[in-house]
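Notes follow once the structure below has been shown.
What follows draws every value from the coordinates through simple rules; no lab data is involved. Just so it is clear, the model here is predicted, and its values are computed rather than measured. A quick note on method: Cβ atoms are made from the backbone with ideal geometry, for glycine too, and the neighbour counts reach across all protein chains shown.
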Amino acid sequence: MGNSVSINILRQSGIFKVLDDNELRDLEKIARERRLVAGEAIFWEGEDADRFYIVAQGKIKVTKLASTGKEIILSFFGPGEIFGEAAVFEGKPYPASARSASAARLIGFHKDEFLDFLQQHPQVALRIVALLSGRLREAQSRLRDLAGERVEQRLARMLLMLSARLGSAIPFTRQELSEMSGTTTETTIRILSQWRERGLIRSTRGKIVILDEAKLRLLAEGPPQI
């Protein structure tokens, strides 16, 4: 991999910000680049987990099959974000499947090589622990949302979560949002249309723009009182 390009990608990732250039060059030696076309599988739920990845370009979709057979989108990952790390460091199979939602480029690390690297850089290990803890809290929150909240409330929470990561313009289709919220595309279209009429959002092809975050937050916190 090109030295300056790969080091810049590694530096974008929060857990590697503590490393200096020499340490990043050591990390780059065990990094492997992978390019994907849209829809290409990266790993499947239940497979042995021996690698984790950083997104260099594109968008990655992580999904899980519900007991009903319906595919639920758990999360999307974009440039600089890490995925697949939980299963690798727990020593368990991948708990979900991942594939590219667009043409993408990944930087992968093999578990054994990365554990050797961590022995020399324990400060990175501490950041990974913090990352895993945050992912666990997010997963627990998602399960709570799917189990007990109104569809409108779940969808509002999802938009706010995506907005916090990506900004007010959210580059997802209505179908993708419905899968992430655990509801039907028809219900998502109906709710988004209502919000558009009330001035909460603006929607264009493949993108949702939040116009009134305060009112959307009220919807996320409980029954709508707007």
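Note on Leu166 and Asp112: their simple-model spin labels are 3.8 nm apart, each label 7 Å out from Cα toward Cβ.
Each of Ser168, Ser163, Ser181 was scored by other Cβ atoms within 10 Å of its Cβ. Arranged with the fewest first, they read Ser168, Ser163, Ser181.
Considering only Cα-Cα distances, which of the following residue pairs are longer than 25 Å: Lys92/Lys207; Lys70/Lys111; Lys61/Lys111; Lys59/Lys111; Lys61/Lys92; Lys29/Lys61? In this structure, Lys92/Lys207; Lys70/Lys111; Lys29/Lys61 lie more than 25 Å apart at Cα. Listed from fewest to most Cβ neighbours within 10 Å, the set Ile7, Ile30 follows the order Ile30, Ile7. Between Leu211 and Ile201, Arg202, the built amide H atoms are under 5 Å apart, and every one of these is 5 or more places off in sequence or on another chain.
Arranged from fewest to most other beta-carbon atoms within 10 Å of their beta carbon, Val88, Val18 become Val18, Val88.
Taking a ≥ b ≥ c as the square roots of the eigenvalues of the Cα gyration tensor, an a/c ratio below 1.5 marks the range 150-221 as rounded.
Simple spin-label estimate for Gln120 and Ala41 gives 3.5 nm between the two label positions (7 Å along the Cα-to-Cβ direction from each Cα).
Derived scalar couplings between HN and Hα for the range 52-58 equal 10, 9, 10, 7, 8, 8, x Hz in order, rounded to whole Hz, by the Karplus curve 6.51 cos²θ - 1.76 cosθ + 1.60 (θ = phi - 60°), x for Gly and Pro.
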